[in-house]
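What follows is a set of notes on a single structure, which appears directly below.
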Amino acid sequence: MTTGRTHNTAAVDTQGLIEEGLAATGILPPYERLVELDQLLRAAIDTLLPVAQATADRLNRGTPVWYTRQKAVDEARQALDGDLGIGLRSAALHVAELARCCYALQGRRS
């Protein structure tokens with residue numbers, strides 16, 4: 001679920017954002033920070049998705065490399081359909097999922 005808010009990621013360190021998102025399920029950050037991470041990670045995914053899809057489209061369909069790239073794209077789209085939920089733990093898990101998606105869209109494994 002997207003929020004309709006505008007995202008400014010020009011000055012955001014994407015790698016640091018991913019690392020913070022992945023760590024969100026350890027010591028839980030304040031809910032307000034999770035809301036901010038959710039917005040920033042969604043913006044990062046919006047930037048990474050077209051590039052990752054174009055990469056997948058250039059690969060031979062059905063190969064392991066294609067499957068890995070397309071799976072990252074599909075999982076990111078599915079994660080964007082989710083939301084923070086009603087509690088701190090669900091919000092942290094969702095943010096961590098968005099961070100994993102960013103990582104995978106970059107062609108990395110978490």
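Rule-based calculations on the coordinates, nothing more; no lab input. Because the structure is a prediction, the values reported are computed rather than measured. Cβ sites come from the backbone with ideal geometry, for glycine too, and all protein chains shown count toward neighbours.
What to note about this one:
- Structure-based [θ]222 nm, the chain - -39500 (n - 2.57) summed over DSSP H runs of at least 4, per residue, nearest 500: -22500 deg cm²/dmol
- Neighbourhood net charge (12 Å Cβ-Cβ; Lys/Arg +1, Asp/Glu -1) for T25: 0
- Labels on offer are (1) 9.2; (2) 6.8; (3) 12.3, and the one holding mean projected area of the Cα convex hull in nm² computed from this structure is (2).
- Note on the chain: with charges restricted to the Cβ of Lys and Arg (+1) and Asp and Glu (-1), its dipole about the Cα centre is near 420 debye.
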